[in-house]
Amino acid sequence: MIEERIGVPGIGRIWAALPEARIAGGAVRDTLRGLPVADVDFATPLSPETTMRRLADAKIKTVPTGLAHGTISAIIGRRAFEITTLRRDIETDGRHAVVAFTDNWREDAARRDFTINAMSMTRDGTVFDYFGGQEDLRVGRLRFVGDAATRIAEDYLRILRFFRFFTRYGKGNPDAEAIAAITKCRDGIRKLSAERIWSELKLILSAADPGAAIALMQSTGVLPLILPEGTDVQALNRLLAYGAPADPLMRISALSTENPKNLGARLKLSVNELVKLFVYRLPNRLTPAATDVQLRRALAEDAAEFLITKTWLAQTGEPGWPELRDRIANTPRPIFPLQGRDIVKTGIPAGPLVGDILNLTRRWWKFQGCSADFDMCLEKAKLFAERKA
């Protein structure tokens, strides 16, 4: 049985309750490529109601996560399996579809985006491949199912999905029909929400090497639609050439020339993402020639992870950058030893003066190289207090 090869607990129970079901999507691709399978989705010719009844009889909890589109979730332990009834599109508007259920596997496969996504696999390991997906997967060719422009017009998100899948599965030159259709239909991206655009762009930029996909997005005119305020593809390519980590925020910081505030609003970044983007865009204060004192001063202001990211963004062809990052990572972060209450204990009443003294003392501490201890800082604070008196 194929579940032993896949190695995901629980799928045997699903198949025992739904022997007609097949796995679909990423689980098929990864199984064919001999890769670990993380998530398993099922397709079934049964109606959602019959599917839920069968699973309930098998003591498997179900959640109606998308009944309008025939999707339920089966919960086994802490894992959820999506199970979707076979469908055909009745009406599409470029983003959403009105569907009708069917029991025809080929009809369901025909509505999917790419040939490598249109395959399904039974419990005994038989692969049903109606459009040449196995061969496309083998040679690294990403093709739309049927007419590329038609598939895109059904859901313009498929334009971005093409580039995302290309980063993972594409090899060599992209499919000419796909690129022509994307170029022709690219304005449909304007129908997509900012959240969906950022979600897909983030996945593209998280790939091991998104360089080829970004170049295609530029040549097809897709990238200027997503980032209309300006891009620097060469800056991203330099970052990739240096071997920087696959951090999508680091990469968007290199790629986009837009003000972080405006970029964050355009793509609806989360607060945490926006804060990181602002920090990444701050001037880099460290180069391979940085002294230990300069290193401690920088660490007193920013966490090591931010400083390291900024060195990737600032890196040039000179040697010493990897060593600099090692020094940052291995240098303990200096912590200013005084707090406001320590100043108050010396007899200074709580108020604005305490903050002034604390700021003056911290500046002195940094000037001295962030190495003065509590007692030294407290004595300095007392001197500042006397001068303020």
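Note on the stretch 128-150: among residues that are surrounded by 16 or more Cβ atoms within 10 Å (Cβ to Cβ) and touching a Gly at 6+ places or on another chain (Cβ under 9 Å), the one that is farthest from Cys185 (Cα to Cα) is Phe131. For the stretch 222-271, filtered to residues that are charged (D, E, K, R) and in a loop (DSSP other than H, G, I, E, B), the residue that is nearest to Ile308 (Cα to Cα) is Asp247.
Here is a yes/no grid of residues against (1) in contact (Cβ under 8 Å) with a residue 40 or more places away in the chain; (2) in contact with a Leu (Cβ under 7 Å, 6 or more places away or on another chain); (3) on the phi > 0 side of the Ramachandran plot:
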residue: Asn272; (1), (2), (3): no, no, no
residue: Val293; (1), (2), (3): yes, no, no
residue: Glu301; (1), (2), (3): no, no, no
residue: Gly317; (1), (2), (3): no, no, no
residue: Gln339; (1), (2), (3): no, no, no
residue: Asp342; (1), (2), (3): no, yes, no
residue: Leu353; (1), (2), (3): no, no, no
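Considering (1) in the same structural domain as Gly26 (by TED's automatic domain parsing); (2) out of contact with any Ser or Thr (no Cβ under 6 Å at 6 or more places or on another chain), the lone condition that Phe144 does not fulfil carries the number (1). Residues in the stretch 98-142 that are touching a strand residue (DSSP E or B) at 6+ places or on another chain (Cβ under 7 Å), in a loop (DSSP other than H, G, I, E, B) and more than 24 Å from Leu18 (Cβ to Cβ): 2 in all.
Scoring Leu240 on the criteria (1) more than 30 Å from Gly320 (Cα to Cα); (2) in contact with a Gly (Cβ under 8 Å, 6 or more places away or on another chain); (3) among the aliphatic types (A, V, I, L, M) leaves a single failure, condition (1).
Within the stretch 81-101, being at pLDDT below 95 and not basic (Lys, Arg) holds for Asp89, Ile90, Glu91, Thr92, Asp93, Gly94, His96, Ala97, Val98, Val99, Ala100, Phe101. Just the residues that are under 24 Å from Leu274 (Cβ atoms) and assigned to a helix (DSSP H, G or I), please, taken from the stretch 197-221. Answer for the stretch 197-221, where residues must be under 24 Å from Leu274 (Cβ atoms) and assigned to a helix (DSSP H, G or I): Ile197, Trp198, Ser199, Glu200, Leu201, Lys202, Leu203, Ile204, Leu205, Ile214, Met217. For the stretch 44-52, the count of residues that are touching a residue at least 60 places away in the same chain (Cβ under 8 Å) and not in a loop (DSSP other than H, G, I, E, B) is zero. Might you check whether a residue that is more than 30 Å from the chain's Cα centre (by Cα) and part of a helix (DSSP H, G or I) occurs anywhere in the stretch 57-74? Yes.
Could you list, in sequence order, all residues of the stretch 3-37 that are modelled with pLDDT of 90 or more, surrounded by fewer than 17 Cβ atoms within 10 Å (Cβ to Cβ) and in contact with a Gly (Cβ under 8 Å, 6 or more places away or on another chain)? Hits for the stretch 3-37 are Pro9, Pro36. Regarding the stretch 303-314, can at least one residue be identified that is surrounded by fewer than 17 Cβ atoms within 10 Å (Cβ to Cβ), assigned by TED's automatic domain parsing to the domain that holds Ile214 and free of Cβ contacts under 8 Å to residues at least 60 places away in the same chain? No, every residue in the stretch 303-314 fails to be surrounded by fewer than 17 Cβ atoms within 10 Å (Cβ to Cβ), assigned by TED's automatic domain parsing to the domain that holds Ile214 and free of Cβ contacts under 8 Å to residues at least 60 places away in the same chain. In the stretch 319-337, the qualifying residues are those that are touching a residue at least 40 places away in the same chain (Cβ under 8 Å) and closer than 18 Å to Ala289 by Cβ, and the one that is surrounded by the fewest Cβ atoms within 10 Å (Cβ to Cβ) is Trp321.
The values are calculated or read from the model by the stated rules, or taken from the named source; none is laboratory data. Source: prediction; values computed, not measured. Virtual Cβ from ideal backbone geometry, glycine too; neighbours counted across all protein chains shown.
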